[in-house]
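Colleague: First, the structure itself, so that you have it in front of you.
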Amino acid sequence: MRSRDGSMRRRILVEAVVVVAAAPAVQVAWSGRYAVPPDEIALGFHDGFLLVGCLVEEEELSPAALPLLRMIDEVFTEMTADAAPTDRWTIDALSTDAGWERARQLAREVLALEGEGDAPLPDICIVR
């Protein structure tokens, strides 16, 4: 059964996946606009990923999306565990790193599966 809270949780996840799925140039521009470093893109995804079990239970997310979302999480986990992780979390890495490209491809598959293929990148308000 869909609920208002479930819809909000879905929105959190979808917006995070939309940012991961965006083309490198779009990610770079979005990161610059909001002063969000690349590691925050992955952390935003992780926050949304923590909601997937609840979203499936609430029928806000297809169970078929779970393996793809887990793979994205694994990509970011491997990137973090890399011997030289700082190189993978730069603006340049968004365009050059194989991990970012893999996460991007998987995120696009999730969006297509969930019927969210044309979702725009979210506007955000950062409170400092």
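Colleague: Counting only helical runs of four or more DSSP H residues, what would the 222 nm mean residue ellipticity of the chain come to if each run contributes -39,500 (n - 2.57) and the total is spread over all its residues? Intermediate values should be presented prior to the final figure.
Modeller: Numbers: 8 runs with 87 residues, N = 128.
That comes out to -20500 deg cm²/dmol.
Colleague: Restricting attention to the range 1-73, which trypsin sites (Lys or Arg not before Pro) occupy a DSSP loop and are surrounded by at most 12 other Cβ atoms within 10 Å? Walk me through the numbers on the way to the answer.
Modeller: Working: sites: Arg2, Arg4, Arg9, Arg10, Arg11, Arg33, Arg70; in loops: Arg2.
Hits after loop and neighbour filter: Arg2.
Colleague: Follow-up. Dividing the alpha-carbon radius of gyration of the chain by 2.2 N^0.38 Å (N being the number of residues), what value is obtained? Working shown, then result.
Modeller: Working: Rg = 14.2 Å, N = 128, 2.2 N^0.38 = 13.9 Å.
Against the empirical 2.2 N^0.38 Å value, I get 1.02 for the chain.
Colleague: Can you sort Met8, Met71, Met79 by solvent-accessible area, 1.4 Å probe, largest first?
Modeller: Values: Met8 95, Met71 65, Met79 0 Å².
Putting Met8, Met71, Met79 in descending order of accessible area: Met8, Met71, Met79.
Colleague: Counting only protein heavy atoms, what percent of the accessible surface of the range 1-92 is carbon or sulfur at a 1.4 Å probe? It would help to have the intermediate numbers written out before the result.
Modeller: Values: 2900 of 4940 Å².
Carbon-and-sulfur percentage of accessible area, whole number: 59.
Colleague: Here's another thing I want to ask about it. Along the charge dipole of the range 7-108, which of Val18, Thr90, Met79 sits closest to the positive end, that is, farthest toward it, with unit charges on the beta carbon of Lys, Arg, Asp and Glu (+1, +1, -1, -1)?
Modeller: Selected residue: Val18.
Colleague: Heavy-atom accessible area per residue, the range 1-117, 1.4 Å probe: how many Å²? Could the numbers behind the result be given before it?
Modeller: Working: 6070 Å² over 117 residues.
So the range 1-117 comes to 52 Å² accessible per residue, rounded to a whole number.
Colleague: While we're looking at this one, here's another question. If I model the range 10-61 as equal point scatterers sitting on the Cα atoms and use the Debye formula, what is log10 I(q)/I(0) at q = 0.13, 0.20, 0.21, 0.26 Å⁻¹?
Modeller: For the range 10-61 at q = 0.13, 0.20, 0.21, 0.26 Å⁻¹, log10 I(q)/I(0) is -0.33, -0.67, -0.71, -0.93.
Colleague: Heavy-atom accessible area of Asp5 with all protein chains present, probe 1.4 Å, nearest 10 Å²?
Modeller: Here the accessible area works out near 100 Å².
Colleague: Expressed as a whole number of Å, what is the distance separating the alpha-carbon centroids of the range 28-53 and the range 72-106?
Modeller: Here the two parts' Cα centres lie 13 Å apart.
Colleague: Here's something else I'd like to know. For the range 48-105, which GluC sites (Glu not before Pro) pass both filters: DSSP loop (anything but H, G, I, E, B) and at most 14 other C-beta atoms within 10 Å?
Modeller: Glu59
Colleague: Taking the alpha-carbon set of the range 59-128, what are its Rg and Dmax in Å?
Modeller: 14.1, 39
The values are calculated or read from the model by the stated rules, or taken from the named source; none is laboratory data. Just so it is clear, the model here is predicted, and its values are computed rather than measured. Every residue, glycine as well, gets a Cβ built from its backbone with ideal geometry; the counts of neighbours run over all protein chains shown. Please note that ligands, DNA and RNA were not included when accessible areas were found on the heavy atoms of the full protein model with its side chains. Shrake-Rupley method; radii C 1.70, N 1.55, O 1.52, S 1.80 Å.
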